[in-house]
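These notes are about the structure you will find just below.
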């Protein structure tokens, strides 16, 4: 998936804004709004226009939804951390 625009449609419902009204006010096409409803990729300038009309930020109308393939899974490290005595300063190793 990647991106969800469910927040946009929730905001539109809360503000009683119709899709056609948003398209006209933001100067976007109905096909752009259709892409949004399908959680497809759209140009950032369309999001900027929508946020300008609704007086909100990107985070108010969309959210990142990671899919299984996009999450990087780190392997547990086999390196052991040195035991530090209380009051002893930590030494930084230049090992990478």
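The values are calculated or read from the model by the stated rules, or taken from the named source; none is laboratory data. Only a predicted model underlies this, so the values are computations on that prediction, with no experimental measurement involved. Cβ: placed from backbone, ideal geometry, glycine included. Neighbour counts: every protein chain shown.
Any idea which residue in the range 13-52 is surrounded by the fewest Cβ atoms within 10 Å (Cβ to Cβ), counting only those that are closer than 28 Å to residue 67 by Cβ and touching a residue at least 24 places away in the same chain (Cβ under 8 Å)? It comes out as 41. The criterion of being more than 14 Å from the chain's Cα centre (by Cα), at pLDDT 95 or above and part of a loop (DSSP other than H, G, I, E, B) does not hold for residue 73. The one condition from (1) at pLDDT 95 or above; (2) part of a loop (DSSP other than H, G, I, E, B) that residue 12 does not meet is (2).
Of all residues in the range 53-69 being outside any loop (DSSP other than H, G, I, E, B) and either in contact with a strand residue (DSSP E or B) (Cβ under 7 Å, 6 or more places away or on another chain) or exposed (fewer than 11 other Cβ atoms within 10 Å of the Cβ) (or both), which is modelled with the lowest pLDDT?
Start the filter on the range 53-69 by keeping residues that are outside any loop (DSSP other than H, G, I, E, B), which leaves 53-54, 58-61, 63-65.
Those left that are additionally either in contact with a strand residue (DSSP E or B) (Cβ under 7 Å, 6 or more places away or on another chain) or exposed (fewer than 11 other Cβ atoms within 10 Å of the Cβ) (or both): 59, 63-65.
Numbers: 59: 95, 63: 96, 64: 93, 65: 90.
Among residues in the range 53-69 that are outside any loop (DSSP other than H, G, I, E, B) and either in contact with a strand residue (DSSP E or B) (Cβ under 7 Å, 6 or more places away or on another chain) or exposed (fewer than 11 other Cβ atoms within 10 Å of the Cβ) (or both), the one modelled with the lowest pLDDT is 65.
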